[in-house]
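Input: a single structure, listed below in structure tokens.
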Amino acid sequence: MKTIHVSTTINGDPAEFICTPDETLLDVLRNRLGLTGAKEGCGTGDCGACSVTVNGRLVCSCLVLGAEAQDADISTIEGMADGDTLHPLQRAFIEHAALQCGICTPGILVAAKALLEKNPDPTDEELRYWLAGNLCRCTGYDKIIRAVQAAAAEMRGA
Amino acid sequence: MVKVLLWGTLRSAADGQAEVEVEAGTFKELLDELASRYPGLEPQIRRGVSLALDGKIYREAWFTEIGPDSEVVLMPYMTGG
Amino acid sequence: MALDAYQKREFKQVGTRPNRPDGVDKVTGRAMYGADATAPGMLHAKILRSPHAHARIVSIDTSAAEALAGVKAIVTAADFGVPEDDFLRDVQDHCMARGKVLYDGHAVAAVAATTIAAAKAALKLIKVEYETLPHVTDVDAAMKPGAPVVQAGRAYENVPAGMSENVTHHCEFGHGDLDAGFAKADRVVERHFKTAATHQGYIEPNACLASVTSDGKAELWVCTQGQYFYRTLCAALLGMEASQLRVTASEIGGGFGGKTMIYMEPVALALSKKAGRPVKLVLTRDEVFRATGPTVSSSMDVKIGMTKDGRITAAQARLCYSGGAFPNTTVDMGAQAAFAAYDLDAVQTLGWNVMTNRPKESAYRAPGAPLSIYAVESVVDELCQHFGLDPLAVRLLNAADKGTKSSYGPTFDQIGLKATLEAAQAHPHYTAPLGPNQGRGLSCGFWFNFGGNTCVSLNVNTDGTVGVTEGNPDIGGSRASISLMAAEELGIPYEKIRTIVADTSSLGYNDVTDGSRVTFAVGLATIKAARDAIRKMCSRAAKIWGIDEEAVEWVDGAAVPAGPNAGKFPPMTLAEIAAVSAETGGPIAGHYEVNADGAGVSFGVHLCDIEVDPETGATKVLRYTVFQDAGKAVHPSYVEGQMQGGAVQGIGWALNEEYIYGTDGRLQNAGFLDYRIPVASDLPMIDTVILEIPNPGHPYGVRGVGETGIVPPLAAIANAVSRAVGVRMTELPMSPPKLLKALEAKG
């Protein structure tokens, strides 16, 4: 299969890769760029473990083609902290024990950050519906909701 | 002599008794004695048995000491998730 | 021995909530899971799976696939031997079908190629000729005489003559005179229940990276709940020596029992051996559903007699479980757990395992218990409703307690059931008002809990920090709990300790992370390893001071002379002793190896409020409270996490999750879209009330907490539905179409 050359921006840095026309953005991130923070839980857009943003829009990277990243601005979990300073969401997840196995955590953090950028003060219900596409099997979501609300409160105050 | 309570399925292998008495000071001696006295128990012992001694469950531990007044209950070997 | 037992103490660190040591890795995407590793020259593997529920494999022709560019190795069952041991043979046959395929999704061949695309293309070129056979996927149908036989000649000696060959195991537990007991009852209720198989639903698909070299050495990187058990099984199936196969547990993306068993790891190793290159094998979600995990499905009858004032006079359960296409004894645990919460004069549980053309059952949180307890707690609730009795009061009246002869034989020691029920009774949730179409349900839950084989090494570093090496994958924050217990015992800050999970070559055998055993057994071994190190540090201090070892005590992280006669020396801290360890005899390390017993059984009570939408049959959980005895909550946040996670898995089991098979015997919902696990918008907060009734078998009183939480939700929700809309749901899941049908039938 003929490969495609793609120029893009990932976590603020220019990036280039080649991929086949049928290769997903998730496969490109994980297998070609070494960005394994996005996880493949299903490959069909049902679990949200591969969540990233493309031009600010939250997507399942398993449902986006690598070729679609041309000239786009992509953010992944690897770009969420500012150097060694964790994002308030990341810190809140640790402090509120909002993860157990941690496999869904990157996707949920990316999704929660995307929500708070649009809606800095969501109700619990808004938050639960926004995160309904991100499956977590360990926590029952309780501590995740609490952690996101704590981070949101902190970010509003900052 | 130690009284050993058998669960229902094992009773047919022990002449229908719910409780049998064997001479044993440890879990290992008890299993050996049961297997030799009641050969019908051997397949289950090979698949695995646990031992509840005075309410405390032991999954293995041959040398666990059994007192004459201890309550001894044989249980299937168990696994969890 | 005295130190093994629980001793009351004031904890300084245990019971606090520090940050977990793997937190930063996991929130930054750096943590390495099963599919995240790579190796030089690595190949990618894919597995060809049966499209049939039951078929004889006439032939497999791999020649065209082998000729495809990029394909480096293909294996089938012919590349493995035939283990003599029944258990090992079943494990292997489950990994790769031999002669017959036994379920939809059963592996028949595997390919390793330079790219995933080449491996997928090669699968399409493998020609398998099948002769399809009649199949059976339903437990009741499989028990009938004349049902298609899944495997012949597999019944244990305990199965009564004359049953279908699919019945492989029978068990019976209990005591007392049932007839006399039922005769004393004012009412006897008998109901039939049926539950669907569910999947553990871990979000990380099974994944491994295998590397076998020509000198017979091998490495396996794998997401597992037990690297040692995986080593035992893989080494046996591949004819390797355990010492030559090093298994490293990756970070694990959920397991819940499902990753206590191998599914494709020996296949990856065989491919690597054949190709002479490392092989990565990652299952798709479809494969995870079709060929790993699921629980038993069940068909059950429960009969309970009660007096009008709420005393249970006799109880009986008949449980038929199917653990898929292989012999299985999970029904033993379901049968023993069924009535564990009750103090009964007459009780009997009977169990049968039945083979069906479904994947081999794997453990899932308290395996076997949620089903039987769902049935029992439903009938108890129905009796309470009939007599107009308070369901908590009835459970308290009949509750097992210290000294109760349990329904499975042993007499209970200290247990927390009554305290748990009383906590539920006193909680505001129990008396909060309810609206129309709303109902409140409750259920007890139970799990045995285990200890098991455990090794811990504890190394005192010369800078005064400590490394703890343990052998159980951290599935829910256990490294934090282990570090806390080490810190408590040594008397140094939590932050000075780092706990790691060892590979199989670095530490002795550890049982899998199962049976809620890790915080209990690894914690116990860690405390004992710390005491071993403390003895050694006291000995060094004694030498430095020139006094007897016995004259030195360990107090708050330092050696001190014991009493005025020992001499007057200022305390020597752990850091001070460690700093001069080279000069005083060499490195200081503590060790402990044990097959731990005394885990202590676990009880829980769940309260839940639901609302049924009479138009759609959908059930919404409005409020949920978990009451459970943790013995001692080492890190309360992760204890709560276990209770919340278990409860929500049980809610999923109750309301939506099920394996749906078509008449063709194929699984129809092998994806998260159609196998619907609970999502955030389905749920309220899950409140938790942790009781701390010390377990006498652990130095800090710790009890396992991981499994009990999945047990009560099934009946708690069924009971709530019954009280909300007056229909008794005796089949799980209570999905909207089923509940709507029941509502329409009621009229």
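The values are calculated or read from the model by the stated rules, or taken from the named source; none is laboratory data. Note that the coordinates shown come from a computational prediction; the quantities given were computed from them, not determined experimentally. We place every Cβ from the backbone using ideal geometry, glycine too, and count neighbours over all the protein chains shown.
Going by what's in this entry, would A:Ala67 be described as touching a Cys at 6+ places or on another chain (Cβ under 8 Å), more than 12 Å from chain C (Cβ to nearest Cβ), in contact (Cβ under 8 Å) with a residue 60 or more places away in the chain and over 24 Å from C:Ala31 (Cβ atoms)? Yes. Hey, C:Ala654 hits all of (1) of a type in the set (Gly, Ala, Ser); (2) in contact with a Pro (Cβ under 8 Å, 6 or more places away or on another chain); (3) over 24 Å from C:Gly15 (Cβ atoms); (4) within 8 Å of chain A (Cβ to nearest Cβ) but one; which does it fall short on? Just one mismatch for C:Ala654, condition (4). Among the residues making up the stretch A:14-29, a single one is surrounded by 19 or more Cβ atoms within 10 Å (Cβ to Cβ) and assigned to a loop (DSSP other than H, G, I, E, B): A:Glu23. A single entry from C:Gly174, C:Gly181 fulfils the requirement of being within 22 Å of C:Ser378 (Cα to Cα) and within 14 Å of another protein chain (Cβ to nearest Cβ): C:Gly174. Does any residue of the stretch C:682-699 turn out to be modelled with pLDDT of 95 or more, on the phi < 0 side of the Ramachandran plot, surrounded by 22 or more Cβ atoms within 10 Å (Cβ to Cβ) and of a type in the set (Gly, Ala, Ser)? So far as the stretch C:682-699 goes, no, none of its residues is modelled with pLDDT of 95 or more, on the phi < 0 side of the Ramachandran plot, surrounded by 22 or more Cβ atoms within 10 Å (Cβ to Cβ) and of a type in the set (Gly, Ala, Ser). Hey, can you tell me all the residues within the stretch C:661-681 that are more than 14 Å from every other protein chain (Cβ to nearest Cβ) and either closer than 22 Å to C:Ala419 by Cα or surrounded by 19 or more Cβ atoms within 10 Å (Cβ to Cβ) (or both)? Within the stretch C:661-681, C:Tyr661, C:Gly665, C:Arg666, C:Leu667 meet the criteria.
Taking the stretch B:18-81 and the strands (runs of 3 or more DSSP E) fully enclosed by it, the elements with 2 or more residues that are within 13 Å of another protein chain (Cβ to nearest Cβ), in contact (Cβ under 8 Å) with a residue 60 or more places away in the chain and within 10 Å of the chain's Cα centre (by Cα) are at B:72-76. C:Phe182 falls short on exactly one of the conditions (1) in a helix (DSSP H, G or I); (2) farther than 30 Å from C:Arg311 by Cβ; (3) of a type outside the set (S, T, N, Q), and that condition is (2).
Okay, residues lined up against (1) assigned to a loop (DSSP other than H, G, I, E, B); (2) free of Cβ contacts under 8 Å to residues at least 24 places away in the same chain; (3) more than 14 Å from chain B (Cβ to nearest Cβ):
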| residue | (1), (2), (3) |
| --- | --- |
| C:Asp286 | no, no, yes |
| C:Gln316 | no, no, no |
| C:Val331 | no, no, no |
| C:Asp345 | yes, no, yes |
| C:Gln348 | no, no, no |
| C:Ser362 | yes, no, no |
| C:Pro370 | no, no, no |
| C:Ile373 | no, no, yes |
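From the list C:Ser407, C:Ser378, the one residue that fits, being within 14 Å of another protein chain (Cβ to nearest Cβ), under 19 Å from C:Asp343 (Cα atoms) and either buried (at least 18 other Cβ atoms within 10 Å of the Cβ) or in contact with a Cys (Cβ under 8 Å, 6 or more places away or on another chain) (or both), is C:Ser407. Pairs linking a residue in the stretch C:8-22 that is of a type in the set (Val, Ile, Thr) to a residue that is in a loop (DSSP other than H, G, I, E, B), with Cβ atoms under 9 Å and 6 or more positions apart or on different chains, are C:Val14/C:Lys632; C:Val14/C:Ala633; C:Val14/C:Val634; C:Val14/C:His635; C:Val14/C:Tyr700; C:Val14/C:Val702; C:Thr16/C:His635. Based on what the data block shows, is C:Ala423 closer than 30 Å to C:Asp613 by Cβ and either touching a strand residue (DSSP E or B) at 6+ places or on another chain (Cβ under 8 Å) or of a type in the set (Gly, Ala, Ser) (or both)? Answer is no for this residue.
Among the residues of the stretch C:570-599, which ones are more than 13 Å from C:Asn461 (Cα to Cα) and either in a loop (DSSP other than H, G, I, E, B) or within 32 Å of the chain's Cα centre (by Cα) (or both)? Those that are more than 13 Å from C:Asn461 (Cα to Cα) and either in a loop (DSSP other than H, G, I, E, B) or within 32 Å of the chain's Cα centre (by Cα) (or both): C:Pro570, C:Pro571, C:Gly585, C:His591, C:Tyr592, C:Glu593, C:Val594, C:Asn595, C:Ala596, C:Asp597, C:Gly598, C:Ala599. Put simply, of C:Ala142, C:Ala117 the only residue that is in a helix (DSSP H, G or I) and surrounded by fewer than 17 Cβ atoms within 10 Å (Cβ to Cβ) is C:Ala117. Considering only residues that are touching an Asp or Glu at 6+ places or on another chain (Cβ under 9 Å) and either facing chain C (nearest Cβ under 9 Å) or crowded, with 22+ Cβ neighbours inside 10 Å (or both), which ones fall in the stretch A:30-41? Hits for the stretch A:30-41 are A:Arg30, A:Asn31, A:Leu35, A:Thr36, A:Gly37, A:Ala38, A:Lys39, A:Glu40, A:Gly41.
Being within 11 Å of chain C (Cβ to nearest Cβ), surrounded by fewer than 24 Cβ atoms within 10 Å (Cβ to Cβ), in contact with a Leu (Cβ under 9 Å, 6 or more places away or on another chain) and of a type in the set (Val, Ile, Thr) is a property that A:Ile94 has. Candidates C:Ala39, C:Ala31: the one that is closer than 25 Å to C:Gly239 by Cα, within 14 Å of chain A (Cβ to nearest Cβ) and part of a loop (DSSP other than H, G, I, E, B) is C:Ala39. Looking across C:Ala45, C:Ala55, C:Ala37, one residue alone is farther than 21 Å from C:Ala122 by Cβ and surrounded by 22 or more Cβ atoms within 10 Å (Cβ to Cβ). It is C:Ala55.
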